[in-house]
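Below: the structure, in structure tokens.
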Amino acid sequence: MAQRIGKYTLLINNHVTVHSSVGIAGKKEGEGPLGSEFDMTFQDDKLGQSSWEKAESTFQATAVDMLLKRNAVSPAEIDFIFAGDLLNQCISSTFGLRDFDIPFLGQYGACSTMAQTMLVAALFVDSGIADKTIAVTSSHFCSAERQFRLPIEYGGQRTPTAQWTVTGAGAALIDRDGSSVQINHVTAGKIRDLKIKDANNMGAAMAPAAADTIYNFLSDTGTCPSDYDMILTGDLGLVGSELLKELLMKENIDISAQHQDCGLMIFDRKKQDVHAGGSGCGCSGSVFCSHIMKRLQSGDLHNILFAATGALMSPTSSQQGESIPSISHLIHLSRA
């Protein structure tokens with residue numbers, strides 16, 4: 001059973017591992033620096049579907065199907081699937097996964113959902129409630145823009161702080177099979193709110209949550225940034241990444257040598273028109289489940305923190321003048 005370390009962090013005792021993972025992406029993502037790292041990229045982001053939302057569901061279903069086939073595991077062998085996305089009522093997950101006939105627990109952590117689903121899956125496996133679980137999430141540029149900002153056809157101008165929602169999905173098989181990638185600790189984040197109301201400045205809105213969760217983990221475990229090969233955030237982008245480092249420096253914590261951000265890794269900001277970088281559930285989902293997992297499995301990385309971040313907003317809350325609260329959940333992984 002998991003053991004509490006400090007106030008916020010849980011130590012995973014029963015050798016819970018990320019057995020395998022799949023990261024898939026759309027056309028623009030495939031043209032970025034990590035294009036060759038994804039398990040599959042699509043040239044048609046609509047995937048032949050009649051709507052962007054149906055296409056996103058297909059992305060998620062494809063990632064899970066690839067994961068099962070890669071590991072010769074049937075849906076009947078999966079005890080639980082933990083999934084979520086950005087759309088209202090998590091429709092990408094429910095409609096994408098409804099035909100797998102796996103016990104389903106929907107999750108909403110906005111862009112932090114990859115870490116949240118992995119966190120919950122790890123605790124289920126560690127406790128013995130489950131033997132095999134899947135954590136999966138997705139996002140799609142067109143479906144997210146339609147819901148949260150403006151219709152794409154409107155052609156609205158994007159501000160320099162805006163980020164590009166990643167079209168992609170990530171799925172991870174989490175069990176206790178003795179895989180080389182082990183989940184050691186998990187830290188659930190607290191809601192933080194810098195009172196930012198601009199939906200085109202998500203990085204700044206999410207940075208306080210990432211700073212809080214990373215600070216709490218380091219304090220609970222008595223470790224420092226230099227103990228890790230990488231401190232990976234989900235999708236803070238350029239603005240949020242700089243703010244994160246500033247906030248932690250106020251606590252005398254310097255992560256500049258270890259910090260990388262999925263939103264800055266997935267696109268080439270000089271060649272691709274993404275302004276402050278990438279965002280969306282599929283950002284950290286696709287990057288972690290492809291590029292990062294491959295580096296862990298090969299031994300290129302040995303000890304990392306993965307702190308995905310999310311903006312806990314909705315179109316309704318924004319229309320009512322609410323600010324954008326944020327959350328960050330952290331997973332500590334190592335190569336066993």
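If we keep just the residues of the range 159-185 that are modelled with pLDDT under 90 and β-branched (Val, Ile, Thr), which is surrounded by the most Cβ atoms within 10 Å (Cβ to Cβ)?
So, considering only residues that are modelled with pLDDT under 90 and β-branched (Val, Ile, Thr), the one surrounded by the most Cβ atoms within 10 Å (Cβ to Cβ) is Val166.
Evaluate the range 262-274: report whether one residue or more is in contact with a strand residue (DSSP E or B) (Cβ under 8 Å, 6 or more places away or on another chain), among the small types (Gly, Ala, Ser), surrounded by 24 or more Cβ atoms within 10 Å (Cβ to Cβ) and in the same structural domain as Lys197 (by TED's automatic domain parsing).
yes
Residues are listed down the side, and each one gets a yes or a no for (1) in a strand (DSSP E or B); (2) without any contact (Cβ under 8 Å) to a residue 40 or more places away in the chain:
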{"position": "Thr213", "(1), (2)": "no, no"}
{"position": "Asn216", "(1), (2)": "no, no"}
{"position": "Asn252", "(1), (2)": "no, yes"}
{"position": "Gln272", "(1), (2)": "no, no"}
{"position": "Ile292", "(1), (2)": "no, no"}
{"position": "Thr309", "(1), (2)": "yes, no"}
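Being over 19 Å from the mean Cα position of the chain (by Cα) and surrounded by fewer than 20 Cβ atoms within 10 Å (Cβ to Cβ) is the filter here, so list the residues in the range 34-52 that pass it.
Of the residues in the range 34-52, the ones over 19 Å from the mean Cα position of the chain (by Cα) are 36, 42-52.
Across the range 34-52, the qualifying residues are Ser36, Gln43, Asp44, Lys46, Leu47, Gly48, Gln49, Ser50, Ser51.
Can you find, within the range 299-336, the residue that is surrounded by the fewest Cβ atoms within 10 Å (Cβ to Cβ) among those that are hydroxyl-bearing (Ser, Thr, Tyr) and either at pLDDT 95 or above or within 17 Å of Ser286 (Cα to Cα) (or both)?
Ser334
Matching residues to (1) at pLDDT 95 or above; (2) outside the structural domain of Gly26 (by TED's automatic domain parsing); (3) crowded, with 20+ Cβ neighbours inside 10 Å:
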site	(1), (2), (3)
Thr94	yes, no, no
Asp99	yes, no, no
Phe104	yes, no, no
Ala110	no, no, yes
Ala115	yes, no, yes
Leu123	yes, no, yes
Thr133	yes, no, yes
Phe141	no, no, yes
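Yes or no: the range 277-289 includes at least one residue that is in contact with a Lys or Arg (Cβ under 6 Å, 6 or more places away or on another chain), modelled with pLDDT of 95 or more and surrounded by 24 or more Cβ atoms within 10 Å (Cβ to Cβ).
no
So which pairs qualify, if the first residue must be in the range 174-187 and without any contact (Cβ under 8 Å) to a residue 24 or more places away in the chain, the second must be assigned to a loop (DSSP other than H, G, I, E, B), the Cβ gap must be under 9 Å, and the two must be at least 6 apart or on different chains?
Every condition considered, no pair remains.
Take the residues in the range 291-306 that are more than 16 Å from Ser226 (Cα to Cα) and among the hydrophobic types (A, V, I, L, M, F, W, C); name whichever of them is farthest from the chain's Cα centre (by Cα).
Leu296
Picking from Asp227, Asp254, Asp198, which residue would you name as being surrounded by fewer than 17 Cβ atoms within 10 Å (Cβ to Cβ) and either modelled with pLDDT under 90 or under 18 Å from the mean Cα position of the chain (by Cα) (or both)?
Testing whether each residue is surrounded by fewer than 17 Cβ atoms within 10 Å (Cβ to Cβ) and either modelled with pLDDT under 90 or under 18 Å from the mean Cα position of the chain (by Cα) (or both) leaves just Asp198.
Tell me whether the range 19-39 contains one or more residues that are in contact (Cβ under 8 Å) with a residue 24 or more places away in the chain, assigned to a helix (DSSP H, G or I), in the same structural domain as Phe141 (by TED's automatic domain parsing) and closer than 16 Å to Ser92 by Cα.
Within the range 19-39 (the criterion being in contact (Cβ under 8 Å) with a residue 24 or more places away in the chain, assigned to a helix (DSSP H, G or I), in the same structural domain as Phe141 (by TED's automatic domain parsing) and closer than 16 Å to Ser92 by Cα), the answer is no, since none of the residues qualifies.
Which of the residues that make up the range 220-278 are touching a Pro at 6+ places or on another chain (Cβ under 7 Å) and among the acidic types (Asp, Glu)?
Asp254, Asp268
Please state which one of Leu236, Leu218, Leu244 is out of contact with any Ser or Thr (no Cβ under 7 Å at 6 or more places or on another chain) and either buried (at least 22 other Cβ atoms within 10 Å of the Cβ) or at positive phi (or both).
Numbers: Leu236 fails: out of contact with any Ser or Thr (no Cβ under 7 Å at 6 or more places or on another chain); Leu244 fails: out of contact with any Ser or Thr (no Cβ under 7 Å at 6 or more places or on another chain).
Going through Leu236, Leu218, Leu244 in turn, just one is out of contact with any Ser or Thr (no Cβ under 7 Å at 6 or more places or on another chain) and either buried (at least 22 other Cβ atoms within 10 Å of the Cβ) or at positive phi (or both): Leu218.
Can you tell me which residue is nearest to Asp65 (Cα to Cα) among those in the range 89-130 that are in a helix (DSSP H, G or I) and without any contact (Cβ under 8 Å) to a residue 24 or more places away in the chain? Break it down stepwise before answering.
Quick first cut of the range 89-130, residues in a helix (DSSP H, G or I) only: 89-97, 110-127.
Right, trim to without any contact (Cβ under 8 Å) to a residue 24 or more places away in the chain and you get 89-90, 94.
Numbers: Gln89: 22, Cys90: 19, Thr94: 15 Å.
Going through the qualifying residues, I end up with Thr94.
The values are calculated or read from the model by the stated rules, or taken from the named source; none is laboratory data. Quick caveat: nothing in here was measured; it's all calculated off a predicted structure. Using ideal geometry, Cβ is built from the backbone for each residue, glycine included, and neighbour counts are taken over all protein chains shown.
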